[in-house]
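Here's the structure we're looking at; comments come further down.
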């Protein structure tokens, strides 16, 4: 069953049964107990547990891997720069074959989709909906935040290709604002007012997972789901398996957590004041 079919089927069967609701509520309470445990879960420019990549130490083994990867792209019309080669080697734990495969996937996508050519005018209509933006201040850990107001994303209102382009535009913008010494960004999903039938976009969610696996590996340090209502959890049960190990990046938290742990009063996004 495709993601579009899943989306339609679930939308048709909302609201969920009483038994499912009880299970979701129990799951939500457990998530809140395990996820709201303090700022140690969002350490400065570190990756989530299980997603740490090897640091670049300039060891002979790393230099050999870099030289081999460079050679494999030597004849390309526009070979990737050294920083990109190093990033993909670190992501793949210096396995040259895996790094090449993933890097070529990213380069092919950028050649086809051309996200680097996206201008503000090209995404202006959807951006004007206010559904998402890059916040002008980093959080306490130096990560540029992308804030998503899920209640303003109405599935099908804009073509999926346009929503993908906006997502890539925001990711590229956030990455460009990473301060010196940093490497990652943070995603903040404001789930207040979320409605399953209107806001659960599984096709876009699948693209985001693919993007963070293939096209922007390890660029997202953490994903914060803020004030998730119980109606969100059936959607989460569908999205979580798609994320695989990256599900460990997700933290369910409250607005109060966001205020106290991640931002100062001066840098807090206005949505959460």
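The values are calculated or read from the model by the stated rules, or taken from the named source; none is laboratory data. These numbers come from a predicted model, not from an experiment. Neighbour counts run over all protein chains shown; Cβ positions are idealised from the backbone, glycine included.
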Study note, to complete from the structure: Scanning region 225-259 residue by residue, the ones that are within 19 Å of residue 143 (Cβ to Cβ) and exposed (fewer than 14 other Cβ atoms within 10 Å of the Cβ) total 0
Point to revise | Residue satisfying condition, being closer than 30 Å to residue 260 by Cα and either at pLDDT below 60 or not assigned by TED's automatic domain parsing to the domain that holds residue 178 (or both), within set 7, 17, 46, 105 | key: 46
**Study point:** Condition check for residue 34: assigned to a helix (DSSP H, G or I), modelled with pLDDT under 90 and out of contact with any strand residue (DSSP E or B) (no Cβ under 6 Å at 6 or more places or on another chain)
**Key:** yes
Revision key, fill the gap. When restricted to 124, 78, 99, the only residue outside any loop (DSSP other than H, G, I, E, B) and exposed (fewer than 11 other Cβ atoms within 10 Å of the Cβ) is 124
Review point. When you go through (1) within 17 Å of residue 269 (Cβ to Cβ); (2) in contact (Cβ under 8 Å) with a residue 40 or more places away in the chain; (3) surrounded by fewer than 17 Cβ atoms within 10 Å (Cβ to Cβ) one by one for residue 195, which number turns out not to apply?
Key: (1)
**Study point:** Search result, residues across region 237-273 that are outside any helix (DSSP H, G or I) and within 18 Å of residue 170 (Cβ to Cβ)
**Key:** 269
Exercise for review: Would you confirm whether any residue within region 215-236 is part of a loop (DSSP other than H, G, I, E, B) and on the phi > 0 side of the Ramachandran plot?
Suggested key: yes
Check your understanding: residue 71: free of Cβ contacts under 8 Å to residues at least 40 places away in the same chain, more than 21 Å from residue 171 (Cβ to Cβ), within 22 Å of the chain's Cα centre (by Cα) and not assigned by TED's automatic domain parsing to the domain that holds residue 167, yes or no?
Key -> no
Practice item. Would you mind stating whether residue 163 is part of a helix (DSSP H, G or I), more than 30 Å from residue 227 (Cα to Cα) and modelled with pLDDT of 95 or more? Key: no
